[in-house]
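Remarks on the structure that follows.
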Amino acid sequence: MIKAGFIGWRGMVGSILMERMLAEKDFKGFEPVFASTSQMGQKGPDVGIDIPPVKDAHDLDFLSQMDIIVTCQGSGYTKEVYPKLRNSGWKGYWIDASSALRMEDSSIIVLDPVNRKVIDQGLSSGIKDFIGGNCTVSLMLMAIGGLFEHQLIEWMTSMTYQAASGAGAKNMRELVAQMSSIGDSARELMGDPVSAITLVDRCVLETMQSDDFPTENFLAPVAGSLIPWIDSPMESGQTREEWKGFAETNKILQTEPPVPIDGICVRIGAMRCHSQAMTIKLKKDIALDDITGIIQNSNQWVKVVPNDREQTLKCLSPAAVTGTLTVPVGRIRKLNIGPRYLSLFTVGDQLLWGAAEPVRRIFNIIVDRLKG
Ligand code: NAP
């Protein structure tokens with residue numbers, strides 16, 4: 001029986017992974033063992049079958065008995081444990097939601113609806129490390145992978161509107177705390193229908209600028225504001241999040257020569273859906289109907305939203321998409337700059353296609369392969 005070790009199943013990405021695996025009835029055909037850095041000996045998650053008590057996620061003896069290890073624990077854990085395990089001679093499959101091994105030559109970034117061919121070639125050639133991509137990059141490729149597949153993109157920019165969840169559970173809580181703080185401070189003025197809006201506005205601003213406003217995690221207001229900076233600085237002037245757009249996209253697709261991609265990544269007050277506005281320079285002038293056809297037919301989750309107000313408001317927002325695997329793409333039109341300049345907008349749940357779903361799917365691909 002295939003043995004699969006799960007680490008990081010308690011965290012935000014890990015618990016969404018467990019939810020999805022349960023919903024898809026994935027817990028069959030292998031023996032799951034759960035490990036933790038803090039819950040050893042305790043009861044594991046309810047996955048509908050008997051499982052042993054939680055193991056120590058640092059125990060190399062235990063880890064080396066696994067055929068597959070799935071970790072959503074984070075880069076620190078991977079950097080500490082992975083080299084020791086490989087150096088001990090372990091030859092199993094390592095599936096990871098963290099970025100630690102993403103850019104290694106020995107790994108493949110997984111997004112099988114878009115790069116199944118790259119994954120299959122990697123499996124056949126003996127690759128053993130399969131890593132989930134950056135959430136923004138994965139969501140962008142779920143939306144417009146078809147345009148890449150048809151080699152239509154000369155270059156593109158992605159201007160992002162990224163949710164709090166990308167920064168972790170604490171940031172999601174802090175966003176709600178910021179919203180509450182603003183709501184609480186303005187409650188009395190809002191209760192009076194004739195209060196001047198300038199007073200409400202001043203009250204909101206004073207709250208956001210006060211020392212009590214909760215900004216421990218974001219370091220700035222996001223509710224009622226935004227932060228045009230995500231992750232660490234790079235020498236290029238990009239943030240690391242912006243750098244990933246080019247580096248990871250081209251690694252996922254193994255494009256040669258690489259397609260130039262850049263943009264500005266912005267944190268906004270959404271909970272768990274990232275949105276992106278893209279400008280694409282096409283290699284040739286092709287009709288809008290053909291473009292929408294290519295986008296719509298590239299995978300079963302992408303959904304073209306007609307470029308009208310009613311459908312846009314109904315389908316193309318974090319509020320409409322959260323908790324679903326649908327990746328809507330709308331506002332598709334040619335820019336008045338010229339016929340080869342395309343503009344579109346997309347939204348996706350960053351905890352699903354941006355994190356847990358590609359990991360769940362590569363796990364099943366590998367289990368099926370091992371079962372022969
Ligand atoms: P997280 O929620 O902070 O969970 C990580 C670990 O923290 C858990 O597995 C758990 O490990 C421990 N933990 C401590 N206290 C906990 C508590 N009260 N509840 C649950 N877990 C607790 O991390 P995450 O946001 O899921 O991210 C995991 C990895 O995925 C990171 O490398 C991240 O960069 C990557 N990733 C995240 C996203 C995202 O949107 N957040 C997207 C793609 C990739 P023990 O059981 O060992 O204590």
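Structural remarks
- Test: K303 is within 22 Å of L335 (Cβ to Cβ) and outside any helix (DSSP H, G or I): no
- Condition check for P318: within 15 Å of the ligand (Cβ to nearest atom) and within 23 Å of R267 (Cβ to Cβ): yes
- Picking from residues in the stretch 186-213 that are at pLDDT 95 or above and outside any helix (DSSP H, G or I), the one that is surrounded by the most Cβ atoms within 10 Å (Cβ to Cβ) is F213.
- Here T249 does not qualify as in contact (Cβ under 8 Å) with a residue 24 or more places away in the chain, within 25 Å of S106 (Cα to Cα) and surrounded by fewer than 17 Cβ atoms within 10 Å (Cβ to Cβ).
- Restricting attention to the stretch 148-158 and to residues that are under 20 Å from the mean Cα position of the chain (by Cα) and more than 16 Å from D231 (Cβ to Cβ), the residue that is surrounded by the most Cβ atoms within 10 Å (Cβ to Cβ) turns out to be M156.
- Any hit, the stretch 256-269, residues being loosely packed, with under 15 Cβ neighbours inside 10 Å, over 30 Å from H150 (Cα atoms) and of a type in the set (A, V, I, L, M): no
- Beta carbons closer than 8 Å, at least 6 apart along the sequence or on distinct chains, pair a first residue in the stretch 328-356 that is more than 14 Å from I144 (Cβ to Cβ) and in a strand (DSSP E or B) with a second that is within 12 Å of the ligand (Cβ to nearest atom) and of a type outside the set (D, E) for D349/R272; D349/C273.
- Only residues that are of a type in the set (V, I, T) and either out of contact with any helix residue (DSSP H, G or I) (no Cβ under 9 Å at 6 or more places or on another chain) or surrounded by 24 or more Cβ atoms within 10 Å (Cβ to Cβ) (or both) were counted in the stretch 116-136, giving 2.
- Residue ID - modelled with the lowest pLDDT, chosen from residues in the stretch 1-14 that are more than 14 Å from the ligand (Cβ to nearest atom) and in a loop (DSSP other than H, G, I, E, B): M1
- If you go through the stretch 154-198 and keep only what is under 27 Å from V329 (Cα atoms), among the hydrophobic types (A, V, I, L, M, F, W, C) and more than 14 Å from the ligand (Cβ to nearest atom), you end up with W155, M156, M159.
- Listed by position, the strands (runs of 3 or more DSSP E) contained in the stretch 15-134 that have at least 2 residues being over 23 Å from G245 (Cα atoms) and within 14 Å of the ligand (Cβ to nearest atom) are 31-36, 68-71.
The values are calculated or read from the model by the stated rules, or taken from the named source; none is laboratory data. Worth saying up front: this structure is predicted, and the values here are computed from it rather than measured. When we count neighbours, we look across all protein chains shown, and the Cβ atoms used for this are built from the backbone with ideal geometry, even at glycine.
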